[in-house]
There are 2 protein chains.
Amino acid sequence: MPKIVDHSERKSHIAEATWRVIMNQGMKGATVRNIAQEAGVSLGALRHYFSTQHELLAFAMNLVKDRAQARIDTVLQLDLPPKEQVTRVLMELIPLDDSTMAEMEVWFAFVFHLKYTDEEYDGLNDNIYLGIHKMVEFLDEQGILKEDLDRDVEAERLYALVDGLALHAMLEPERLDKQRIIRVLTGHLDSISKG
Amino acid sequence: MPKIVDHSERKSHIAEATWRVIMNQGMKGATVRNIAQEAGVSLGALRHYFSTQHELLAFAMNLVKDRAQARIDTVLQLDLPPKEQVTRVLMELIPLDDSTMAEMEVWFAFVFHLKYTDEEYDGLNDNIYLGIHKMVEFLDEQGILKEDLDRDVEAERLYALVDGLALHAMLEPERLDKQRIIRVLTGHLDSISKG
C-alpha cells in the first residue's frame, strides 16, 4: 500500500522552513537547497511539490497572507463594537508575538527582495492600503469618525502609522513593546473618533 | 610631481558607487569587486581607501546620515516659525526626490541587512526616534502642542508615521506622491497643535 501523505500539510511544512531560512539568512539564503535542508526533505522531494524556487516563494508568501487573513477573519467574527473591531484588526498587522514577528520579517524581506528582481508574483500585493481605507469608511458610516476629517487622508495616515509601528516593532523591539504599540494605536483611533 | 588627489572626494565617489550598486542589486550585490567596477577604479585603488568591505559600507552609510544631517541643518538655519520648522525637518526624512529616494533605499537595505549579520557598525544608529522626541518637546515648550497629549506617545506616533510614509513613498510611489505626503504630514501636525 502506498504511504498516505497529506500534501497540503507537507507543502505548509516546506513553506515554514522557507520562512525560517529567510529569517536566519535573509532572502539571499533562500535557495531551494537550503530550504530542502531546513525542511529535512530531499531536493527531489521538494521539487515534487515545487518545481521552481519562484513557485516555492510564491506559495510561502501566500501562506503568510493566508495566516494573517485567517486571524483577521477570527476577529471579525467576534461581533465587537466598531472601533474595537478596527483596533483589533489593525493589531493583527503589527507583530506582537513571536509568530506574527516571524511573518512580518519574512514579508518585509520578500517585499524588499522584489524591488531588486524582475520577477512577477501575481496576486501577492497585500492590499493593506485598500483594507485600511475600508476600515476608515466603516468608522465613518458608523458615525464614529470625526466629521471634519478627510477619509482619504486618514486612510493614508493610518496605513503609514500601522506599517511604521510594524517596522519599528521589528527593528527596535526593546523600546516598542506590545503595551506601547497598543497605547499609540488606541490613542490614534481615539483622536480621529468623536468624543 | 605626484598627482594631487582629493582623498575625501575620491572616498565620496566610491561611497556613491556603493549606493548605486545597492540600489540596483540589493545588499547581496554590494561586494568590493562590484563596487570598484561601478566606481571605475581598480580593486587595488579601492583597497587603498577602504581596507575591508565593512569599512567601505560603514563609510557609505555614514555618508547617507551626513547628507541628511546637512539638509536638516540648512532647514534649521532658515529661522522658520516652530511648526513649519518641524514640518520641514520631518520632510527631510521622507524621500521626496530622486536623491533622497536613493538615500532611503540604501538605508533601508542596509538596516535589513544588519538583521542577518553579526557585524557591528558603531555609531550607525540613526537616532531618528530621539530627534523626533526632541521635536515634540520643542513644540510643547513653544506652547504649540495640545495640552492633553502625552509627549512620549506623540513622539512614538510621529516617528511611526514618518517612517511609514518613507516606506510607502519608496514601495508605492504611484499612489503616495509628494503632495499627498505633505498633506498627511501637515494634517497630522495640525491635529496635535492648538487650534
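Seen against the Cα atoms of chain A and their longest principal axis, helix A:7-25 is set at about 80 degrees.
If a paramagnetic tag sat 7 Å from the Cα of A:LEU80 along the Cα-Cβ line, which residues of segment A:154-178 would have the backbone N under 15 Å from that point? Flagged as within label range: none. When chain A is turned onto chain B, its residue with the beta carbon nearest the axis, and that distance in whole angstrom, is A:GLY164, 2. In degrees, nearest 10, range 0 to 90: what is the angle between the Cα axis of helix B:178-191 and the longest Cα principal axis of chain B? For helix B:178-191, the angle is close to 40 degrees. Taking 0.36 nm per residue of separation and subtracting the current Cα-Cα distance, fully stretching the chain between A:GLU55 and A:SER42 would add 3.0 nm. The residues neighbouring A:LYS178, those whose beta-carbon lies less than 15 Å from its own, together hold a net charge of -3 under the Lys/Arg +1, Asp/Glu -1 convention. Would you calculate a helix-derived [θ] at 222 nm for chain A, using -39,500 (n - 2.57) for each DSSP H run of n ≥ 4 and dividing by the full residue count, to the nearest 500? Mean residue ellipticity at 222 nm (helix-derived): -22500 deg cm²/dmol. Charge dipole of chain B (Cα centre as origin; +1 on each Lys and Arg Cβ, -1 on each Asp and Glu Cβ, all else neutral): 700 debye, rounded to the nearest 20. Remark on A:SER193: its backbone amide H falls under 5 Å from those of A:LYS146, a criterion applied only to residues 5 or more positions apart or on other chains, H modelled at 1.01 Å from N. In degrees from 0 to 90, rounded to the nearest 10, what is the angle of the helix B:82-91 Cα long axis to the longest principal axis of chain B? It works out to around 40 degrees.
Per-residue shielding of A:160-173, expressed as the average number of other chain Cβ atoms within 10 Å of the residue Cβ, stands at 6. Partner shielding of B:34-41 amounts to 0, given as the average count of beta-carbon atoms from other chains within 10 Å of each residue beta-carbon. In plain terms, the residue of A:SER193, A:SER8 with the fewest other Cβ atoms within 10 Å comes first and the most crowded comes last, giving A:SER8, A:SER193.
Since every read-out is calculated from the coordinates, none of them should be taken as a lab result. Not measured: the values here are computed from a predicted model. Using ideal geometry, Cβ is built from the backbone for each residue, glycine included, and neighbour counts are taken over all protein chains shown.
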